[in-house]
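Below is one structure, written out as structure tokens; the observations come after it.
The values are calculated or read from the model by the stated rules, or taken from the named source; none is laboratory data. None of these values were measured; they are calculated from a predicted model. Every residue, glycine as well, gets a Cβ built from its backbone with ideal geometry; the counts of neighbours run over all protein chains shown.
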Amino acid sequence: MIQNNINPLKEAIELLEFQNFMGADEVVSDTPNIHLWKDSHRISFEKKAAPVKEISNKQTNFSHQGFAAPAIKVDIKANTVEELKAEARAFDGCPLKFTAMNFVFSDGNPLSRIMLVGEAPGEEEDRQGLPFVGAAGQLLNKMLAGIGIKREDVYISNIIFWRPPGNRTPMEDEVSACLPFVEKHIELVNPKLLILLGNTSAKALLRTNTGITRLRGKWTEYKGIPCMPFFHPSYILRQPNTKRLAWADLIQIKKHLEKSEKWTASLHTSHSA
Ligand code: URA
């Protein structure tokens, strides 16, 4: 006789483990809510995602081979960082919006001469609605402090404004959807130094397929702005042997800032100055 060995508790735990593995690791509602199956969302997504078909082939002055994710043309009207934030928040073209808890745009001083661009919000960032407030953010704060820079004195954002489920690496379409906003963000902040944290950020903004291990520590330019690709703090946490290289890159950044005329004094001045 075949025994029915199904243990409902064990089965439920296995199902939960599977969901967690697939990235469904947050309870956001007491009832199931499959946003993408709702007609209203699907219709609005299809309508608003239409510009995805229009692709621009903007070139940067970076000499690496072209990165496969071109910027999508979205008609961005913002003339200020606050307007851009509102426009990005209302944008429905990135599907991650419908699975994330919060919109995560930026933190720090938008008048700073130093802008850092990371990858995407993680669990803690999604909870708080702020970039780099989890373990990676704490390491970032320490690294900045190591070269005499306070977190409040820099401006921090990400390539993606919504947390990818389970903290997976953002997909090319997701990066492409947010990229026009990120490019406009950099244009509006107009920093004097851009630090790109990790593969996703460096590849997308420098339009390259070259990985961060080869890009890091080498000065380049993003649309005329001095730019340093840097290991992502999460990667440094996972690979502590990268700390030595990260430190060498921080020293380069410090020297660059010391060389830049009156950089400390100008940290808070407005861009028109
Ligand atoms: N990693 C990122 O790239 N950005 C964050 O905001 C947090 C972790």
Determine if the stretch 159-167 includes at least one residue that is assigned to a strand (DSSP E or B), among the polar types (S, T, N, Q) and within 11 Å of the ligand (Cβ to nearest atom).
no
All but one of (1) modelled with pLDDT of 95 or more; (2) part of a helix (DSSP H, G or I); (3) surrounded by 16 or more Cβ atoms within 10 Å (Cβ to Cβ) hold for Asn241, so report the exception by its number.
(3)
Given the residues Leu188, Leu144, Leu116, which is the only one that is of a type outside the set (Asp, Glu), under 17 Å from Phe231 (Cβ atoms) and over 16 Å from the mean Cα position of the chain (by Cα)?
Leu144
Hits in the stretch 114-125 - residues which are out of contact with any helix residue (DSSP H, G or I) (no Cβ under 6 Å at 6 or more places or on another chain) and either assigned to a loop (DSSP other than H, G, I, E, B) or without any contact (Cβ under 8 Å) to a residue 40 or more places away in the chain (or both):
Ala120, Pro121, Glu124, Glu125
Taking the stretch 183-197 on its own, how many of its residues are within 15 Å of the ligand (Cβ to nearest atom) and more than 20 Å from Pro233 (Cα to Cα)?
1
Filter the stretch 217-238 down to the residues that are assigned to a loop (DSSP other than H, G, I, E, B) and in contact (Cβ under 8 Å) with a residue 60 or more places away in the chain and list them by number.
Lys223, Gly224, His232
Single condition Ile72 does not satisfy, out of (1) away from the ligand (no atom under 16 Å from the Cβ); (2) crowded, with 19+ Cβ neighbours inside 10 Å; (3) at pLDDT 95 or above:
(3)
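Here's the yes/no breakdown for (1) within 12 Å of the chain's Cα centre (by Cα); (2) assigned to a helix (DSSP H, G or I):
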| residue | (1), (2) |
| --- | --- |
| Pro170 | yes, no |
| Glu174 | yes, yes |
| Pro180 | no, yes |
| Leu196 | yes, no |
| Ala202 | yes, yes |
| Thr213 | no, yes |
Any residue in the stretch 187-210 that is at positive phi and in contact (Cβ under 8 Å) with a residue 40 or more places away in the chain sitting within a Cβ distance under 7 Å of a residue that is within 16 Å of the ligand (Cβ to nearest atom) and in a helix (DSSP H, G or I)? List the pairs, counting only those 6 or more apart or interchain.
Gly198/Ile212; Gly198/Tyr235
Any hit, the stretch 126-133, residues being basic (Lys, Arg), more than 7 Å from the ligand (Cβ to nearest atom) and part of a loop (DSSP other than H, G, I, E, B):
no
When the residues of the stretch 137-158 are narrowed to those that are within 8 Å of the ligand (Cβ to nearest atom) and surrounded by 24 or more Cβ atoms within 10 Å (Cβ to Cβ), which ends up farthest from Asn109 (Cα to Cα)?
Asn158
The conditions are (1) under 16 Å from the mean Cα position of the chain (by Cα); (2) more than 19 Å from Ile186 (Cβ to Cβ); (3) not in a loop (DSSP other than H, G, I, E, B), and Asn102 fails exactly one of them. Which is it?
(3)
